[in-house]
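Notes follow the structure.
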Amino acid sequence: MTDALHATPLADQAEYAQAVRVAVDAAAAYYGAGDSALDDDAYDRLVRGIEAYEAAHPDHVLPGSPTGKVAGGAVTGDVPHTVPMLSLDNVFSADELAGWAAGLERRLGRPVEMWSVEPKLDGLAVSARYHAGRLTQLVTRGDGVAGEDVSHAIGTVEGLPETLTEPVTVEIRGEVLMTAAQFEDACAKRTAHDGTTFANPRSAAAGTLRAKDRPYRCETTFFGYGALPLPPDDGGEPAARLRELPHSRIMELVAGLGVRTTGATPVGVIAVSTVEQVQARVEEIAAVRAELPFGIDGIVVKADLAADQEQAGFSSRAPRWAIAYKLPAVEKITKLVGVEWNIGRTGIIAPRAVLEPVLLDGSVVTYATLHNPADITRRGLMIGDHVTVYKAGDVIPRVEAPVVHLRTGAERPIEFPDVCPRCGAEIDVSQQRWRCVRGRACRAVASVSYAVGRDQLDIEGLGETRIVQMVEAGLVADFADLFTLTREQILGLDRMGETSTDNLLAAIERAKEKPLNKVFCALGVRGTGRSMSRRIARHFGSMDAIRAADAEALQAVDGIGPEKAAALVEELAELGPLIDRLVAAGVTMTEPGATGPRPAGPGAAGSDAEAGQGAGAGAGDGSVVELPLTGMAVVVTGAMSGPLEALSRTEMNELIERAGGRASSSVSARTSLLVAGEKAGSKRDKAATLGVRIATPEEFAAMVASFI
Ligand code: IVH
């Protein structure tokens with residue numbers, strides 16, 4: 001099955017020996033600290049080169065070779081496994097898959113009737129031993145023969161309950177991983193604790209599972225992919241069923257016991273009957289890979305029926321009835337060629353890595369986030385370094401770490417700016433995120449342009465050139481200044497006639513009538529775009545109520561977590577003087593139709609209750625009005641028709657939010673409904689694959705009829 005395209009060619013015995021050394025070191029690093037100097041693709045290619053060389057020169061095979069060994073022979077432990085925890089052989093293409101399946105069918109002497117297809121989760125393998133329904137021991141894979149006891153983690157892994165729904169004795173094997181959200185959370189906790197972060201979700205999950213006395217707790221998630229009879233009950237139920245049932249049915253049985261399985265992932269475990277269908281399913285899963293809430297490094301294809309598995313048996317390393325269809329690695333090594341310092345709307349100075357272009361998860365990546373200067377220092381990055389770049393789900397690419405042993409001496413330190421690279425003012429370095437001391441004023445042109453944009457205040461006739469003129473003339477430092485501009489001041493600007501001045505003044509006047517959500521959006525508060533602004537405005541009803549809300553009250557808004565809430569409170573306080581000037585100018589500060597927040601409960605007091613005095617015609621009795629889209633994330637695609645024909649995307653999004661839903665632009669496992677009109681393209685396919693409900697514009701119009 002060795003494919004020259006995917007094997008590193010090894011010319012002679014010396015190159016072979018060198019390759020074995022590199023692969024063994026890489027495997028040790030990967031399974032140890034999780035910081036291998038080789039990315040997954042390079043490691044796979046190297047091992048294939050080693051395999052090819054060994055096949056041609058069997059007498060040269062070194063005892064330390066990683067081939068034929070679980071985890072490249074890198075790790076051991078002291079709890080023996082009941083049955084070895086093996087690895088999986090790999091294929092990389094449709095041809096290789098077909099070749100493997102044909103080989104298996106030849107061995108069986110009959111066609112495989114049923115295949116199951118499921119994601120290959122990128123975490124670490126563990127075995128969970130349940131006795132009489134109680135989780136008694138958790139063991140890592142180790143070298144496959146014996147693993148490390150990590151039972152101290154029992155109770156901390158989501159999806160792995162301490163008790164089953166039935167008192168059965170069974171061993172469940174699966175993968176422990178961190179979802180993208182768990183990873184972000186874990187990194188934030190670790191940064192707060194010791195200023196470092198985790199390299200990637202896999203090593204974060206591995207470290208977390210092993211850690212015994214960390215002062216902070218990080219969540220991990222388990223997905224089971226197999227179940228075995230466990231002594232002493234391996235003569236009885238459910239052992240007999242585990243030996244007879246197809247894999248896909250066993251996954252259902254395990255789920256019925258209360259354990260999360262690969263069947264509970266957004267792509268599930270799907271049984272199909274031909275290799276062509278397997279290939280089609282592989283492609284479907286690959287297409288939604290970036291949308292999954294956790295990393296996968298391939299797709300596992302298994303002969304589903306117990307009889308096929310039993311007859312096919314195992315090699316020393318892997319089952320013959322299963323194969324991993326590997327997807328290209330989402331972690332790659334590339335070169336850091338520079339660092340750009342960009343200034344955000346609020347004056348935050350954000351470093352961005354400029355990379356030698358690298359193909360990562362289907363797209364060419366040339367930039368990656370570097371968070372903040374302290375992060376650069378912590379990682380010890382230098383210009384010219386080889387760096388590992390990582391991408392998980394729809395998370396923006398991030399630079400992980402320099403590959404220090406590839407340094408040539410030609411690397412240069414990264415220069416930090418002394419003054420704001422945009423306006424030359426001083427930099428406030430008192431926080432982790434540096435900021436131009438002029439804050440928003442530094443980006444006056446950009447922030448005023450944003451505020452007057454079509455989806456915010458929609459002030460026609462105020463293009464960027466005009467705003468530059470106004471800022472340079474000292475007339476405008478932020479968008480509140482627009483409302484106090486006099487006719488004379490505008491007329492005094494270059495190429496500004498009477499008519500255009502009057503038109504502009506009228507447009508500014510009209511902007512005062514915009515509802516709160518547009519005014520709030522115009523503020524450009526970090527992390528609150530159009531739809532978040534609409535949710536906030538609808539929830540609180542008035543600017544007063546928003547300003548009175550504390551972090552806890554803000555979290556009642558869908559999509560606002562503790563971190564965002566705290567940042568919001570801080571920014572709103574900072575924006576206080578600007579908001580006061582808007583109020584004084586007569587800009588609308590209420591949201592039509594919004595009821596304002598409901599008190600949290602009968603005993604609710606304090607700011608929550610005060611914040612409840614929002615404007616608008618509320619029910620007043622605290623009764624809960626269930627809207628048709630409450631709790632739903634809705635995506636719109638294609639051309640709208642019927643009653644919705646004339647609505648723009650922004651208007652559709654507003655409609656969704658009026659009806660209690662959350663508008664989103666991309667389909668993911670979290671999407672509740674896709675409204676798909678004519679010419680709906682890839683979003684429709686993605687929704688179908690993920691099992692997301694799809695409605696026509698007409699069906700959707702009927703659902704939200706009273707809100708149109
Ligand atoms: S089945 C006998 N199913 O991939 C081994 N493994 O590279 C049967 N893995 O050790 C394994 N997702 O840790 C199986 N859906 C899945 C998997 C999966 C991830 C891991 C597992 C295995 C490794 C092999």
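The values are calculated or read from the model by the stated rules, or taken from the named source; none is laboratory data. In this text, all values refer to a predicted model and were calculated from it rather than measured experimentally. Positions of Cβ are backbone-derived with ideal geometry, glycine not excepted, and every protein chain shown enters the neighbour counts.
Points worth noting:
- Among the residues of region 298-311, those identified as more than 15 Å from residue 40 (Cβ to Cβ) and crowded, with 19+ Cβ neighbours inside 10 Å are 300, 301, 302, 303, 304, 305, 308, 309.
- Residues within region 430-440 that are closer than 22 Å to residue 376 by Cβ, touching a residue at least 12 places away in the same chain (Cβ under 8 Å) and in a loop (DSSP other than H, G, I, E, B), tallied: 4
- Residue 266 out of contact with any Ser or Thr (no Cβ under 7 Å at 6 or more places or on another chain), assigned to a loop (DSSP other than H, G, I, E, B) and away from the ligand (no atom under 15 Å from the Cβ): no
- Any hit, region 389-407, residues being closer than 30 Å to residue 669 by Cα, touching a residue at least 24 places away in the same chain (Cβ under 8 Å) and hydroxyl-bearing (Ser, Thr, Tyr): yes
- Of the residues 98, 42, 55, the single one that is away from the ligand (no atom under 16 Å from the Cβ), farther than 27 Å from residue 173 by Cα, at pLDDT 95 or above and assigned to a helix (DSSP H, G or I) is 98.
- Residues (at positive phi and more than 14 Å from the ligand (Cβ to nearest atom)) located in region 136-174: 155
- Residue within region 14-29 that is at pLDDT below 80 and crowded, with 18+ Cβ neighbours inside 10 Å present: yes
- Scanning region 638-675 for residues being more than 14 Å from residue 701 (Cα to Cα), outside any loop (DSSP other than H, G, I, E, B) and touching a residue at least 24 places away in the same chain (Cβ under 8 Å) gives a total of 4.
- Residue 240, sole failed condition from (1) outside any loop (DSSP other than H, G, I, E, B); (2) in contact with a helix residue (DSSP H, G or I) (Cβ under 9 Å, 6 or more places away or on another chain): (2)
- If you check 378, 398 for being among the charged types (D, E, K, R) and either crowded, with 19+ Cβ neighbours inside 10 Å or at pLDDT 95 or above (or both), only one passes: 398.
- Selection of first residues in region 441-456 that are crowded, with 22+ Cβ neighbours inside 10 Å and of second residues that are assigned to a helix (DSSP H, G or I) and of a type in the set (Phe, Trp, Tyr), restricted to Cβ pairs under 6 Å at least 6 apart or on distinct chains, gives the following pairs, ordered by first then second residue: 448/479; 451/479.
- Taken over region 182-209, residues that are in a helix (DSSP H, G or I) and either more than 16 Å from the ligand (Cβ to nearest atom) or touching a Lys or Arg at 6+ places or on another chain (Cβ under 6 Å) (or both) amount to 16.
- Of everything listed in (1) touching a Lys or Arg at 6+ places or on another chain (Cβ under 9 Å); (2) within 16 Å of the ligand (Cβ to nearest atom); (3) of a type outside the set (A, V, I, L, M, F, W, C), the single unmet condition for residue 179 is (1).
- Close pairs (6 angstrom Cβ cut-off, 6 or more residues apart or separate chains): farther than 30 Å from residue 219 by Cα in region 111-128, near the ligand (Cβ under 10 Å from one of its atoms) anywhere: 115/301
- Residue check for residue 147: more than 24 Å from residue 269 (Cβ to Cβ) and touching a Lys or Arg at 6+ places or on another chain (Cβ under 7 Å): yes
- Looking only at residues in region 269-297 that are part of a loop (DSSP other than H, G, I, E, B) and away from the ligand (no atom under 14 Å from the Cβ), the one that is surrounded by the most Cβ atoms within 10 Å (Cβ to Cβ) is 293.
- Cross-chain or 6+ apart pairs with Cβ under 7 Å, region 78-92 first and more than 28 Å from residue 329 (Cβ to Cβ) and polar (S, T, N, Q), then away from the ligand (no atom under 14 Å from the Cβ) and at pLDDT below 90: 82/230; 82/231
- Enumeration of residues in region 482-509 that are without any contact (Cβ under 8 Å) to a residue 24 or more places away in the chain and assigned to a helix (DSSP H, G or I): 487, 488, 489, 490, 491, 498, 499, 501, 502, 505, 506, 509
Residues checked against (1) free of Cβ contacts under 8 Å to residues at least 60 places away in the same chain; (2) surrounded by 21 or more Cβ atoms within 10 Å (Cβ to Cβ):
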position: 162; (1), (2): yes, no
position: 166; (1), (2): no, no
position: 172; (1), (2): no, yes
position: 178; (1), (2): no, yes
position: 182; (1), (2): yes, yes
position: 188; (1), (2): no, no
position: 191; (1), (2): yes, no
position: 205; (1), (2): no, yes
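- Test result for residue 540, surrounded by 21 or more Cβ atoms within 10 Å (Cβ to Cβ) and more than 28 Å from residue 463 (Cβ to Cβ): yes
- Residue count for region 298-327, restricted to those that are more than 8 Å from the ligand (Cβ to nearest atom) and either of a type in the set (A, V, I, L, M, F, W, C) or in contact with an Asp or Glu (Cβ under 6 Å, 6 or more places away or on another chain) (or both): 10.
- Residues satisfying the stated conditions in region 112-133, i.e. over 15 Å from residue 301 (Cα atoms), away from the ligand (no atom under 16 Å from the Cβ), surrounded by fewer than 24 Cβ atoms within 10 Å (Cβ to Cβ) and of a type outside the set (A, V, I, L, M): 129, 131, 133
- Flag for residue 509 being farther than 20 Å from residue 593 by Cβ, modelled with pLDDT under 95 and surrounded by fewer than 16 Cβ atoms within 10 Å (Cβ to Cβ): no
- In region 638-696, the residue that is surrounded by the fewest Cβ atoms within 10 Å (Cβ to Cβ) out of those that are farther than 30 Å from residue 268 by Cβ and hydroxyl-bearing (Ser, Thr, Tyr) is 648.
- Checking 324, 350 one by one, the residue that is part of a strand (DSSP E or B), surrounded by fewer than 21 Cβ atoms within 10 Å (Cβ to Cβ) and modelled with pLDDT of 90 or more is 324 and no other.
- Verdict on residue 338 being touching a strand residue (DSSP E or B) at 6+ places or on another chain (Cβ under 6 Å), away from the ligand (no atom under 13 Å from the Cβ) and in a strand (DSSP E or B): yes
- Where helices (runs of 4 or more DSSP H) fall entirely within region 514-556, those with at least 3 residues that are among the basic types (Lys, Arg) are at 530-540.
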